[in-house]
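J.: My questions will all concern the structure given below.
The values are calculated or read from the model by the stated rules, or taken from the named source; none is laboratory data. All values derive from a computational prediction rather than experimental measurement. Here the Cβ positions follow ideal geometry from the backbone for every residue, glycine too, while neighbour counts run over all protein chains shown. When the accessible area is computed, the model is the full protein with side chains, heavy atoms only, and any ligands, DNA or RNA have been set aside. Shrake-Rupley method; radii C 1.70, N 1.55, O 1.52, S 1.80 Å.
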Amino acid sequence: MHHFHYVGQNLHCESVDLAEVARLYGTPTYVTSAATMADNYNRLANSLTGLDVQLCYAMKANSGLAVLRHFARLGAAFDLVSGGELRRVLAAGADVKRSVFAGVGKTEAEIQLALESGIFSFHVESEPELARINHVAGKMGVKAPIAIRINPDVDAHTHAKITTGKSDNKFGIPLKFAAAAYEAASKYPHIQLRGVQMHIGSQLTEIGPFAEAVAKVAPFAAELKAKYGITYFSIGGGIGIVYKDALASGSAAWWDAQPAATRPLTPEAYGAALVPLLQPLGLKILLEPGRYMVGNAGVLLTRVEHLKRGSGKNFLIVDAAMNDLVRPAMYEAFHEIVPLHRDTTRRALVADVVGPICESGDCFAKDRQLQEVGEGEYIALMSAGAYGSTMSSRYNTRALPAEVMVQGSAFELVTARETFESMIAHEKIPAFLK
Ligand SMILES: *Cc1c(COP(=O)(O)O)cnc(C)c1O
């Protein structure tokens with residue numbers, strides 16, 4: 001469910017006409033809906049009643065200060081993966097003390113900053129990392145709270161680049177070595193064993209792998225509670241969103257019409273399956289959803305530059321490119337594409353929707369059926385709120401896109417479009433070329 005819908009023939013986000021946003025701030029521009037983010041947060045939190053839940057939004061999905069502030073006000077903490085992300089949490093005036101620090105390669109400086117900021121826990125992925133955290137905590141004369149990430153060896157049935165819970169990828173410690181890892185960790189003088197963690201992958205649209213992984217790790221979590229007094233079990237993120245029918249999935253009617261067997265995972269189904277498995281543990285449950293929280297809450301607005309008609313192939317060339325939204329190029333991801341102004345009297349058009357970058361991979365959609373649109377008209381790439389702006393780059397010396405947040409009929413620029421001057425501000429010509 002989300003808040004992007006046509007009012008008359010014009011696509012709106014909540015009560016705001018998106019064409020107005022595009023005209024005012026130019027394109028490419030990301031637009032996020034505050035109401036959709038709040039709904040996502042509340043639905044997930046409510047689906048887990050009966051558990052002591054600490055929801056740590058995985059901010060790598062969308063780490064804009066406005067997004068962080070919004071989630072902080074709703075009650076979220078954060079799952080962060082770098083010193084930069086930690087500083088964003090602070091800059092947003094949000095809570096580090098209930099947040100967790102994940103990632104396989106934390107530097108000493110990052111560990112120190114996290115300890116100084118009172119991080120709730122480090123999620124540890126290896127023995128050498130544990131030794132490093134112990135070392136930094138020792139120098140500071142403190143104990144570092146940690147959880148070890150367990151790799152439950154469950155197939156998440158998702159894209160290879162976003163599956164993380166199989167034994168052959170770089171994440172976590174296999175369950176069969178986990179007891180020994182905790183035993184070793186308990187010997188470090190500056191480590192406090194606070195929890196246990198897992199995260200099996202991203203964009204999961206069925207409950208099976210989640211339930212399988214929780215069932216596999218729960219007995220071990222109980223053991224750790226008895227032995228070391230751990231207080232929490234983090235079950236990671238990974239809840240998927242709807243990409244194919246993105247626009248339609250904004251309405252309850254669409255969800256009601258989906259046959260139960262193929263209905264994409266909802267927070268309610270997630271809670272119904274997992275609460276009974278988790279409740280008996282008597283542990284605090286941490287969740288780390290990223291994509292689910294913001295994915296359907298954002299769109300990327302772009303302007304049509306040209307419609308190039310080829311022999312047997314049409315190309316719709318737009319002003320957004322793979323540097324703004326890399327998911328199609330990187331993960332073969334599908335984003336629904338809709339016009340900001342709908343006109344049912346127009347002919348249909350089948351085209352590849354491409355950006356202006358000099359790479360064949362700079363393609364948002366192949367042979368996509370669209371309403372015919374021409375130069376100067378706007379279209380929206382749906383479901384672009386997660387792993388969109390945070391993965392953007394300056395490739396081809398293209399400025400990072402602008403970002404706008406909507407709430408009701410209010411909207412505001414929350415990230416100004418980058419300027420050329422700021423793009424080159426950190427570069428210089430060396431003395432030997434002067
Ligand atoms: C990326 C990540 C998440 C969030 O994944 P989503 O699929 O966006 O929910 C959660 N936990 C860890 C450890 C991650 O690396």
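J.: Give, in nm to one decimal, the length gained when the segment between residue 107 and residue 127 is fully stretched (0.36 nm per residue of separation minus the Cα-Cα distance).
T.: Extra length available between residue 107 and residue 127 comes to 5.8 nm.
J.: Express in whole angstrom the spacing between the alpha-carbon centres of the range 166-232 and the range 344-383.
T.: That distance is 44 Å.
J.: So, R0 is 35 Å and r is the distance between the beta-carbons of residue 186 and residue 279; what FRET efficiency does that work out to, to 0.05?
T.: 0.85
J.: I've got another one for you. Ranked from highest to lowest mean number of other Cβ atoms within 10 Å per residue, what is the order of the peptides 412-418, 94-100, 28-34?
T.: 28-34, 94-100, 412-418
J.: Where nothing but the Cβ of Lys and Arg (+1) and of Asp and Glu (-1) is charged, how large is the charge dipole of the range 296-423 around its Cα centre, in debye to the nearest 20?
T.: 340
J.: Over the chain, what percent of the accessible surface lies on carbon and sulfur atoms, probe 1.4 Å?
T.: 54
J.: Please report, in Å, the Rg and the Dmax of the range 6-69, where both are computed over Cα atoms only.
T.: 15.5, 47
J.: Right, another one. State, as an integer percentage, the relative contact order of the range 114-272 based on alpha-carbon contacts under 8 Å between residues 6 or more apart.
T.: Normalised by residue count, the contact order of the range 114-272 is 22 percent.
J.: Let me ask something else. Of the residues 39, 343, 17, which exhibits the maximal mean-square fluctuation in a Gaussian network model of the chain defined by a 10 Å Cα contact cut-off?
T.: Evaluated over the chain, the most mobile residue of the options is 343.
J.: Could you order the peptides 282-294, 325-337 from most to least packed, using the average number of other C-beta atoms within 10 Å per residue?
T.: So the order, starting with the most tightly packed, is 282-294, 325-337.
J.: Separate question: At 7 Å along Cα-to-Cβ for each site, give me the label-to-label distance between residue 268 and residue 309 in nm.
T.: Roughly 4.9 nm, to one decimal.
J.: Along the charge dipole of the chain, which of 16, 363, 201 sits closest to the positive end, that is, farthest toward it, with unit charges on the beta carbon of Lys, Arg, Asp and Glu (+1, +1, -1, -1)?
T.: Comparing the listed Cα positions along the dipole, 201 ranks first.
J.: Cut-off under 15 Å on the C-alpha distance; same-chain residues fewer than 8 positions from residue 308 excluded. Which aspartates and glutamates are left, in chain and number order?
T.: 319, 352, 367, 372, 375, 377
J.: Starting from the 7 Å offset along Cα-to-Cβ, what nm value, one decimal, do you get for the label separation of residue 331 and residue 260?
T.: Once both label points are built, they end up 2.9 nm from each other.
J.: Treating the beta-carbon of each Lys and Arg as +1 and of each Asp and Glu as -1, no other charges, what is the dipole magnitude of the chain about its Cα centre, to the nearest 20 debye?
T.: My answer is approximately 820 debye.
J.: Here's something else I'd like to know. Just to confirm, what accessible area per residue do you get for the range 296-423 at 1.4 Å probe, in whole Å²?
T.: 45
J.: Shifting gears a bit: Can you tell me, using C-alpha contacts under 8 Å and at least 6 residues apart, the relative contact order of the range 214-309 as a whole percent?
T.: 47
J.: For the ranges 240-247, 224-231, what's the packing order if you count other beta-carbon atoms within 10 Å of each residue, average per peptide, and put the highest first?
T.: 240-247, 224-231
J.: Taking a probe of 1.4 Å, how large is the accessible area per residue of the range 107-160, in Å²?
T.: I get 38 Å² per residue for the range 107-160.
J.: Another question, if that's okay. Rule-of-thumb check for the chain: C-alpha Rg over 2.2 N^0.38 Å?
T.: Computed over Cα atoms of the chain, the ratio equals 1.03.
J.: Using helices alone, what [θ] at 222 nm do you get for the chain, with -39,500 (n - 2.57) per DSSP H run of 4 or more residues, divided over all residues and rounded to the nearest 500?
T.: -8500 deg cm²/dmol
J.: Counting alpha carbon pairs within less than 8 Å and at least 6 residues apart, what relative contact order, in whole percent, applies to the chain?
T.: 21
J.: Sticking with this structure for a sec: Structure shown: which of 143/284; 106/244; 106/434 lie over 32 Å apart, alpha-carbon to alpha-carbon?
T.: Exceeds cut-off: 106/244; 106/434.
J.: Something else: Any idea what the dipole of the range 166-293 comes to, in debye rounded to 20, about its Cα centre with Lys/Arg Cβ at +1 and Asp/Glu Cβ at -1?
T.: 460
J.: Tell me the label-point distance for the pair residue 375, residue 252, using the 7 Å Cα-to-Cβ offset, in nm and rounded to one decimal.
T.: Output for this residue pair reads 4.7 nm.
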